[in-house]
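Structure first, then comments.
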Ligand code: COA
């Protein structure tokens, strides 16, 4: 599949998807959102893809937000539709993907860019990264899940302050807030993320998918996370990976998971 606004490269179990509009600081226009959806779907369907890394091209921005030029003349109805479609096909889609998605935040992650990073399963930042939800400075609010995911990750008070001030925090403050898991030099970011992906890939991909859905259940309205965990735990017992994992342990050898 060929893309205009993103790059998708597969190597050794890892697909790296790069938002590739550096001249617009990788701002998310509709077509980029659609292409990301398609690339993620393709990666999800490919059993060889064990981990997805999402990043931005260039050394300045991860994603500097939704493309402001596209929605500046929208009315109430189109504004709501923009958020609804985006949440469905990209942000919620990533969060609920059975394949782990790591955000490699390599610069500005603002507005929809930070929302994109927050929809990923976890985040690693380069030391030049700057993060914020500046939407109220444009007369709007975060619409791609930012008002929900930011308080989940950093706590309500910090989220309120970040959203109300429209300010940016640097990578170390993001680390301190728990918004990112690690901060590394910019030129080490890709390899650092690949190193974590390789650790993930040693484990059962089917168990990891079940774990993602159980952890996500903690944050879903009307869903009992403990019950979801019981169900997901039980599901693992029906997999070849479970048989291989437990057999390998008892035979004192390294597991070779079939991913089924
Ligand atoms: N939507 C559309 N275009 C954007 C964009 C966005 N969110 N963010 C950056 N761009 C474009 C700029 O318009 C500029 O395009 P141009 O060269 O055709 O004029 C280009 O990307 C480079 O950005 P520029 O502002 O010149 O870079 P800078 O280094 O001076 O500033 C930022 C960097 C990130 C501080 C600034 O671009 C910015 O504030 N962007 C908007 C962030 C935002 O509000 N995001 C939330 C959107 S809901």
Of the residues in the stretch 176-230, those that are part of a loop (DSSP other than H, G, I, E, B), in contact with a strand residue (DSSP E or B) (Cβ under 7 Å, 6 or more places away or on another chain) and crowded, with 16+ Cβ neighbours inside 10 Å come to 179, 180
Looking at the stretch 87-128 only, could you name the residues that are assigned to a strand (DSSP E or B) and more than 12 Å from the ligand (Cβ to nearest atom)? 101, 102, 103, 104, 105, 122, 123, 124, 125, 126
If residue 180 satisfies every condition in (1) touching a helix residue (DSSP H, G or I) at 6+ places or on another chain (Cβ under 7 Å); (2) within 16 Å of the ligand (Cβ to nearest atom); (3) more than 19 Å from residue 14 (Cβ to Cβ); (4) in contact (Cβ under 8 Å) with a residue 60 or more places away in the chain but one, which is the exception? (2)
Provide a single number: the residues in the stretch 129-154 that are within 12 Å of the ligand (Cβ to nearest atom) and assigned to a loop (DSSP other than H, G, I, E, B). 9
Subset of the stretch 21-39, residues touching a strand residue (DSSP E or B) at 6+ places or on another chain (Cβ under 6 Å), farther than 22 Å from residue 81 by Cβ and more than 8 Å from the ligand (Cβ to nearest atom), comes to 26, 39
Check the stretch 57-78 and report whether any residue there is touching a residue at least 60 places away in the same chain (Cβ under 8 Å), in the same structural domain as residue 144 (by TED's automatic domain parsing) and under 23 Å from residue 210 (Cα atoms). no
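The values are calculated or read from the model by the stated rules, or taken from the named source; none is laboratory data. The shown structure was predicted, so the numbers you read here are calculated from the model rather than taken from an experiment. Heads up, the Cβs are rebuilt from the backbone with ideal geometry, glycines too, and the neighbour counts pull from every protein chain shown.
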